[in-house]
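Please read the structure below before turning to the comments.
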Amino acid sequence: MIIEKINFRLIVALTIYLVSLFASNTLGAKMMPFVFGTHLSVAIFFFPFVYIITDVVGQVYGKQMAKNFVWAGFISILLFLVYSLISIAAPWSKGGALIKDSYNTIFGISFRMSIASVLAYVIAEYQDVMAFFFFKKKIKYKFFWLQSNLSNLWSGLLDTFIFMFVAFWGIYSVPTIILMGIPWYLYKVAMGAIYTPLSYLGIYLLKYENQSNKN
């Protein structure tokens with residue numbers, strides 16, 4: 001029986017990907033003050049890793065592996081949503097009632113918000129993978145940083161405004177929704193660009209691991 005070597009660094013990449021995704025969806029409820037009276041979610045520090053890692057994995061292992069990461073994230077979000085609903089619906093014991101309100105506030109996200117998050121994630125992440133390989137094919141000189149940031153411009157736009165419109169349509173006016181989304185989108189793109197050097201480190205590490213597993 002042939003036992004294949006486990007690609008440890010690819011597993012680490014998937015772990016960072018999923019942790020960044022869940023950190024964005026849970027810790028992201030905290031807002032920070034931003035310029036001109038606007039606000040930003042602390043998820044801005046974590047979410048760029050979601051796009052960066054699919055680009056890095058796609059660069060080293062190809063489009064299908066990047067899509068596998070997207071599916072892993074999608075299934076994880078759905079399972080976490082189901083677990084959250086079960087946990088909130090379960091009865092409280094007297095000893096734990098002290099944290100009931102805080103617990104329900106943190107994990108009691110509305111169904112509409114959940115749908116908005118899942119839709120934005122799946123569409124934007126899938127488009128990020130497709131856009132990355134589109135630019136990879138079209139750009140004459142294979143500059144990974146350019147391919148990655150161009151794809152992030154498109155996928156970040158989709159992620160931001162799909163979520164905003166699904167979550168807040170009918171609650172806020174269209175101009176208000178757009179004004180809420182613009183600073184979040186711009187800062188998200190900026191953070192992705194700042195994190196680009198980490199992409200090259202990821203490519204180096206995964207390529208080394210991938211090559212060693214072929215020996």
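Yes/no matrix, rows are residues, columns are (1) part of a helix (DSSP H, G or I); (2) hydrophobic (A, V, I, L, M, F, W, C):
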residue: VAL19; (1), (2): yes, yes
residue: ASN25; (1), (2): yes, no
residue: LEU40; (1), (2): no, yes
residue: TYR51; (1), (2): yes, no
residue: ASP55; (1), (2): yes, no
residue: GLY58; (1), (2): yes, no
residue: LYS67; (1), (2): yes, no
residue: PHE74; (1), (2): yes, yes
residue: ILE77; (1), (2): yes, yes
For this session: Considering only segment 54-75, state which residues are loosely packed, with under 15 Cβ neighbours inside 10 Å and under 17 Å from ALA23 (Cβ atoms).
Result: ALA72
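Okay, residues lined up against (1) under 17 Å from GLN127 (Cα atoms); (2) touching a residue at least 12 places away in the same chain (Cβ under 8 Å); (3) part of a helix (DSSP H, G or I); (4) not aliphatic (A, V, I, L, M):
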{"position": "TRP145", "(1), (2), (3), (4)": "no, yes, yes, yes"}
{"position": "LEU150", "(1), (2), (3), (4)": "yes, yes, yes, no"}
{"position": "ASP159", "(1), (2), (3), (4)": "yes, yes, yes, yes"}
{"position": "PRO175", "(1), (2), (3), (4)": "no, no, yes, yes"}
{"position": "GLY181", "(1), (2), (3), (4)": "no, yes, yes, yes"}
{"position": "TYR187", "(1), (2), (3), (4)": "no, yes, yes, yes"}
{"position": "PRO197", "(1), (2), (3), (4)": "no, no, yes, yes"}
{"position": "LEU201", "(1), (2), (3), (4)": "no, no, yes, no"}
{"position": "TYR204", "(1), (2), (3), (4)": "no, no, yes, yes"}
Exercise. Which of the residues spanning segment 43-71 are under 14 Å from the mean Cα position of the chain (by Cα) and either on the phi > 0 side of the Ramachandran plot or among the hydroxyl-bearing types (Ser, Thr, Tyr) (or both)?
Worked result: TYR51, THR54
Problem set entry | Exclusive hit being touching a helix residue (DSSP H, G or I) at 6+ places or on another chain (Cβ under 8 Å) and at pLDDT 85 or above, set ALA13, ALA43 | ALA13
For this session: From (1) among the β-branched types (Val, Ile, Thr); (2) modelled with pLDDT of 80 or more; (3) over 18 Å from the mean Cα position of the chain (by Cα), pick out the condition that doesn't hold for THR176.
Result: (2)
Exercise. Is there any pair linking a residue in segment 49-72 that is closer than 16 Å to THR15 by Cβ to one that is outside any helix (DSSP H, G or I) and hydrophobic (A, V, I, L, M, F, W, C), with Cβ under 6 Å and at least six apart or on different chains, and which?
Worked result: none
Seminar exercise, completed: Checked pairs for segment 11-29, first among the aromatic types (Phe, Trp, Tyr), second crowded, with 16+ Cβ neighbours inside 10 Å and assigned to a helix (DSSP H, G or I), C-beta under 6 Å and 6 or more apart or across chains, list as TYR17/ILE53; TYR17/PHE69
For this session: Kindly indicate the residue of segment 134-192 that is basic (Lys, Arg) and surrounded by 14 or more Cβ atoms within 10 Å (Cβ to Cβ) and also nearest to GLN59 (Cα to Cα) among those meeting that condition.
Result: LYS136
For this session: Scan segment 106-115 and give yes if some residue there is at pLDDT below 85, buried (at least 18 other Cβ atoms within 10 Å of the Cβ) and either under 16 Å from the mean Cα position of the chain (by Cα) or part of a helix (DSSP H, G or I) (or both), otherwise no.
Result: yes
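The values are calculated or read from the model by the stated rules, or taken from the named source; none is laboratory data. For clarity, every value in this text was computed on a predicted model and none was experimentally measured. Note that each Cβ is placed from the backbone with ideal geometry, even for glycine, and that neighbours are counted across all protein chains shown.
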